[in-house]
Amino acid sequence: MKIDNITPRQYILRLNHHPPDYRLQIQNSPVQKLNKQIDLTNKSITESIKKKIQLRKISQISSYQHYDPINFPQSNTMSIDTKQFHIFTKKNSRANTCIQQLSYTSDYSINHQKQKKPQQPQTAIKRNKRVSPIHIPLCPSNPFGPPITAQSWCIINGKDGSMLAGYNEKLKSQIASITKIMTCWLSLKFISLISLDLDNTYFTVPEAAEIIGGTSAQLQNGDQLNIRDLLYGLMLPSGNDAAITLKYNFEQNIGINFIDEMNNCAKEFGLKSTQYMNPHGLYHKFNYSSALDIGILCYQTLQNEHFANIVKTKIYFSEIIDKFGNIKEILWENTNKLLDNGFQGVKTGQTKEAGPCVVEYYQDNNNSYIIVLLNCKSTDQRWDDTIKLLEWIKQ
């Protein structure tokens, strides 16, 4: 601007009287205008990107979803590659459009092929379902004999030891406390060999006997009792502690291996399906026998008068000296519930692996039978099975 021929005061007055638009033009320099244009351009680009992103939002519609007519009042439908879409446009919004794919088509076969099954979440460790043990009665398939629940059984002639009938009689099975028949017989054999007095020879209960568990004669570490009482505590209440006490004292006094001697006796009797690993019958993989072997063993052991008297006794009182010198009395009751009407022993047994087992000796004026049942269906069922076999064999 030229200021020739104009005084400074006039120039100032002219500036003060410029219109407002002109003053704004002076303030808005070219650099400021350029910065504003750049800001407006960036803002418009950002808004356009947001609109495009909103237009591309597509979500699958499940069969259980419902549409709100208030939020989506307008609806149009179009088809692309056999898939149907609903376009819902909200009022007063130009760019806020939601496109949702329907989960169904008019062509069922195409939809059925493309539809994927929901995947189940995988766990770190896959465990098989626990299968409960099932008792399988084998006797109903037997061509002869009554339908009983024992998986194996045998009937021995009590007069000559011959087998009269049986089913799976040679099957090797866990025998639980039936093992104590051999323990009792071997103890009586040692007593006879070294001429021990049953009433005046005392054995001491070891600590291992007190902690053995299972059926018990209520013996404690340090208790002392004579051999006769110990044998009754072995056979009547089926004391595992009594079995350990007999084994321990015979090994200490005679210097033998009790288990080896049990197996040697089995060989002498011709028990081909029998092996012993302990004196009480608690589970051991290699402690087993068969119904036929048990019948043969019982025939031999019943020839011993002491053994026959022990196994047919219902109740027995014992006097035990504890480790403090005090005397305590214990009452033992036989676990065999068939000690009437001709039944005269011999032994019961039961563990989870062996199931309910029983060996019964029956005698009347004309007959004598040894009945062996292994792995019956239940504890009470073994008594019913015994009676069924007895009635059947007597016919």
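Under a point spin-label approximation (7 Å from Cα along Cα-to-Cβ), what is the residue 201-residue 363 distance to one decimal in nm?
Placing both labels 7 Å beyond Cα along the Cβ direction yields 2.5 nm.
Tell me, what ³J(HN,Hα) does each residue in segment 263-272 have, in order and in whole Hz, if you take phi through Karplus 6.51 cos²θ - 1.76 cosθ + 1.60 with θ = phi - 60° and put x for Gly and Pro?
In residue order, the calculated couplings are 6, 5, 5, 4, 5, 4, 7, x, 7, 7 Hz.
Among residues other than residue 329 whose Cβ falls under 12 Å from its Cβ, what is the net charge (Lys/Arg +1, Asp/Glu -1)?
Every neighbour counted, the sum reads -2.
Using a Förster distance of 41 angstrom, determine the FRET efficiency expected from the C-beta separation of residue 260 and residue 384, and round it to 0.05.
After rounding to 0.05, the efficiency reads 0.60.
Quick one: net charge around residue 282, please, counting Lys, Arg +1 and Asp, Glu -1 for every other residue with C-beta under 14 Å from its C-beta.
Summing Lys/Arg as +1 and Asp/Glu as -1 gives +2.
Net charge within 9 Å of residue 235 by Cβ-Cβ distance, Lys/Arg positive one each and Asp/Glu negative one each, not counting residue 235 itself?
+2
From the Cα gyration tensor of segment 252-293, with a ≥ b ≥ c the square roots of its eigenvalues, which class applies: rounded if a/c is under 1.5, or else prolate if a/b is larger than b/c, or else oblate?
oblate
Counting other C-beta atoms within 10 Å, which of 382, 228 has the fewest, and how do the rest follow?
If I rank by nearby Cβ atoms, fewest first, I get 228, 382.
Calculate, in nm to one decimal, what residue 395 and residue 267 gain on full extension: separation in residues at 0.36 nm each, minus their alpha carbon distance.
42.6 nm
Is segment 144-394 best put as rounded, prolate or oblate by its Cα gyration tensor, with a ≥ b ≥ c the root eigenvalues, rounded for a/c under 1.5, and otherwise prolate when a/b is larger than b/c, oblate when not?
In terms of gyration-tensor shape, prolate.
Whole-Hz ³J(HN,Hα) for each residue in segment 189-206, computed from phi via Karplus 6.51 cos²θ - 1.76 cosθ + 1.60 with θ = phi - 60°, x for glycine and proline: what do you get?
These are the phi-based 3J(HN,Hα) values: 5, 5, 4, 6, 5, 9, 6, 8, 8, 4, 8, 10, 9, 10, 10, 9, 7, x Hz.
Would you mind estimating how fast segment 247-370 diffuses translationally, via Stokes-Einstein at 25 °C and 0.890 mPa s with the Kirkwood radius over Cα pairs, in µm²/s?
Diffusion coefficient, whole number: 146 µm²/s.
Where does segment 284-340 land on Rg(C-alpha)/(2.2 N^0.38 Å)?
Relative to the rule-of-thumb radius for its length, segment 284-340 sits at 1.59.
Taking 0.36 nm per residue of separation and subtracting the Cα-Cα distance, what length does fully extending residue 224 through residue 315 add?
30.7 nm
How large is ³J(HN,Hα), in whole Hz, for each residue of segment 296-307 in order, when computed from phi with the Karplus curve 6.51 cos²θ - 1.76 cosθ + 1.60 and θ = phi - 60°, using x for Gly and Pro?
Using θ = phi - 60°, the values come out as 5, 4, 5, 4, 6, 6, 5, 6, 8, 5, 4, 5 Hz.
Among 339, 302, what is the fewest-to-most ranking by other Cβ atoms within 10 Å?
So the residues, fewest neighbours to most, are 339, 302.
Suppose each label sits 7 Å from its Cα in the direction of the beta carbon; what would the residue 163-residue 251 distance come out to in nanometres?
Simple spin-label model gives 3.3 nm for this pair.
Using the Cα gyration tensor of segment 320-394, with a ≥ b ≥ c the square roots of its eigenvalues, what is the shape: rounded (a/c below 1.5), prolate (a/b larger than b/c) or oblate (neither)?
Here segment 320-394 falls in the oblate category.
FYI, it's all coordinate maths here, none of it is from the lab. Bear in mind the structure is a predicted one, so any value in this text is a computation, not a measurement. Cβ sites come from the backbone with ideal geometry, for glycine too, and all protein chains shown count toward neighbours.
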